[in-house]
1. Quick one: Karplus J couplings for the range 346-353, per residue in order, coefficients 6.51, -1.76, 1.60, θ = phi - 60°, nearest Hz, x for Gly and Pro?
2. In what sequence, largest accessible area first, do Arg152, Arg334, Arg303, Arg280 appear using a 1.4 Å probe?
3. Put His101, His116, His93 in order of accessible area, largest first, 1.4 Å probe: what do you get?
4. Calculated from DSSP H runs of 4 or more alone, at -39500 (n - 2.57) each and per residue, what is the 222 nm mean residue ellipticity of the chain, nearest 500?
5. With a 1.4 Å probe and every protein chain left in place, tell me how much accessible area Leu131 has, in Å² to the nearest 10.
6. Under 5 Å between amide H atoms, partner at least 5 residues away or on a different chain: which partners does Glu225 have, H built in plane at 1.01 Å?
7. Run the simple label-point estimate for Ser210 and Gln175 please: 7 Å along Cα→C-beta, distance reported in nm.
8. Gaussian network model of the chain, Cα springs within a sub-10 Å range: biggest mean-square fluctuation belongs to which of Gly140, Gly127, Gly94?
Amino acid sequence: MHLQTNNQMKQSLKQTIAILFGGCSSEYSVSLSSAHAVIQNLDKQKYMPIPIGISQNGQWYYFHGDIDKLLTDTWCNLEDCTPATLSPDKSQHGLLLLEDHIVRTIKLDAVFPVLHGKNGEDGTLQGMVELSGIPLIGCGTLPSALCMDKDRAHKLVAASGIRVPLSLLLTSSSQTPKAANFAEQIGYPLFVKPVKAGSSYGITKVPNESALAKAILLAFEYDNEVLLEEAIEGFEVGCAIIGTEILTVGEVDEIELSGGFFDFTEKYTLKTSDIHVPARIDKTISNTIKETAKRIYQILGCRIFARVDMFLTPDGEIVFNEVNTIPGFTEHSRFPGMLKAAGYSFPQILDTIIELGVSA
């Protein structure tokens, strides 16, 4: 009779959680930092992380090396990686390892995508996971796609009576004259942004007409649709939300800018910006922001977790900006920061969203 050792029994009781990172996105480097923080903070008594790296060329690997290599982007090498892919066969529920002409399967209890932007946060990967039948930690295919699409997300939210910025959708850079007419109507400054992109890539705050055409061309480098959007007076606030039916909301945060806008550099270095948690606002307004964030979360069909970003105008009006279905997950990111201010540690946050995903 084969008897399991205590160590084997303990290992078998742990849930295997695939942590997906990297990807074919301009936010590849951000994903590496987020995934490193997630793996570091997982409760190793309960979970066995299975790191799955996706190279910038789109190759999938089971990564079994030192996770600190994610921070230096030296993880993708022959020694530490085995070619792999998720099985679309629901009966397998696992990761297929492809080595030496042999296929091995690692059974998975859940898949936790820690990818940002296109091909990670936009519903494409979520559809693959749902096809496999493996529980997904995060928003599903449709809400992921909707939230990545700023134009369609704004239209849905506006239809529910929540204010959104005035905007114009462009499908070609040849529509610059149309854009100039719209800009004249709403006034400068305004924002030009890719419809489907994250971390403020391709976004320009346009001060006058002479800078408009260049900003449109830049935005089209990141997507095939571009949005012209009015600049909202005031400042940005955010809400971290966990849950599907019963929602937990962290403390509202506030982005204080010294100038310009919250672009990629400011988001990840806070060079001239500050984030205040809790936001420096009246408690009544804070509660209204939280309730509005929950409405937006539900309107767009979000589940498990997401971060809802809005603007607060000088006269106290709340204006929807966007939803990040896979927000930054480093220990210093806004999402865990807002929940930490509400009393949740990083490991507790991960534990809660994994339990929600596995049991969904």
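The values are calculated or read from the model by the stated rules, or taken from the named source; none is laboratory data. Keep in mind the model is a prediction, meaning the values are calculated, not measured. We place every Cβ from the backbone using ideal geometry, glycine too, and count neighbours over all the protein chains shown. Please note that ligands, DNA and RNA were not included when accessible areas were found on the heavy atoms of the full protein model with its side chains. Shrake-Rupley method; radii C 1.70, N 1.55, O 1.52, S 1.80 Å.
1. 4, x, 5, 4, 4, 4, 5, 6
2. The ordering from most to least exposed comes out as Arg280, Arg152, Arg303, Arg334.
3. The most accessible residue leads, giving His101, His93, His116.
4. That calculation yields -9500 deg cm²/dmol at 222 nm.
5. Roll a 1.4 Å probe over it and Leu131 shows about 100 Å².
6. Val195, Lys196
7. Using points 7 Å along Cα→Cβ, the separation is 2.7 nm.
8. It is Gly127.
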